[in-house]
Amino acid sequence: MRRALSIISLSVLMTGFLFAFTDVKVGAEDLTPDQSAQIKANCVSIKNSVSQLHASDALLRVNRGQTYEAVAGKLMDPFNSRLASNQLDNRAMTAVTSDYRTSLDAFRNDYIAYEQKLSATLRIDCTAKPNSFHASLVEARELRAKVHADVLRLHQLLDDYHSSVSDFLLNYERVSQ
Amino acid sequence: MEEKISFWDRHRLSLLLVITVGIATVLTCVSVAIYNMSGAAQLDLSRPGYLSVSSQAEKTDSINGYSSTGSVNKQTIQSFLKQYDEQIQKAKSVDAFSGDPLNPDVLEFGTPASE
């Protein structure tokens, strides 16, 4: 029993060391000594730029998020309900609305992950730890690209909903003639 | 005859204060954790660092609601589409989070060696 525990403990420790080593290695090979020196030298201005982006992205999240929420709550849902209450087939629109809500959730969650990473980046002392700062910045950059992909997906779904309603109108006209 | 008072009887008020402060601390920690994890923190523009942009936040959304009741006919669908098109133009007017402002080149410390 004691032997088994020792083996498990040793394995956990070795895995920990391996992960720690891998992490340091990845961070170190991304940054040349020249870049490291540049980060240290321009630390204040880089942090200022990132801080400004942090604030402007927060504003963008609030304003855009509000608009995206309102489209679903004030246009899609009421129209779907109106069709349903008139016993009309609203499945196509409901499916797009469901996808839209899923994408909206992804947008919210991805933005939280991005904001948390950017905040963590800003807390890193870039004069003392340029490698960690750079690694964190690279992660934040990838997360921001993910948020942009979510926005593009939402825009696509807004168009899809329009197409669904247009198709519905065509069918409606054909049936009612 | 003097009544024997226990330690907890003598420190009842102190105990009450300690428990009260303890409960308040735990509840504060829980609420701050919820504030941070729920995404509310990301929408709170009154935090330090956001004061420069907080005045630009839209207080009300610009989307006009569509009625969920009433009949459906060609005219109502067309009027919905017209309203929807107007509103989504506003929603799509900004390509949010586009560009690459966190690119090392933009931040002026060069392209990483591995790229």
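What follows is calculated from the coordinates using simple rules that are stated; it is not laboratory data. What you see is a predicted model, and the numbers here were worked out from it, not measured in a lab. Here the Cβ is made from the backbone with ideal geometry for all residues, glycine too, and neighbour counts use every protein chain on show.
Would you please report the Å³ per residue occupied by the convex hull of the alpha carbon atoms in chain B?
Looking at chain B, the number lands at 333 Å³ per residue.
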Just the number: Rg to Rh for the protein assembly as shown, Cα atoms, Kirkwood Rh, two decimals. 1.16
Unpaired by the 4.7 Å Cβ criterion, cysteines found in the protein assembly as shown: B:C29
FRET efficiency (A:A41, B:N36; Cβ distance; R0 30 Å; to 0.05) is 0.35
Counting pairs of alpha carbon atoms under 8 Å apart in space and at least six apart in sequence, what relative contact order in percent does region A:32-176 give? 30
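How long are the three semi-axes of the equivalent ellipsoid for region A:45-177, computed from the Cα gyration tensor as the root of 5 times each eigenvalue, in whole Å, largest first?
Gyration-tensor ellipsoid for region A:45-177: 43, 12, 10 Å.
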Amide H proximity to B:G65 below 5 Å, modelled H, separation 5+ or other chain, gives none
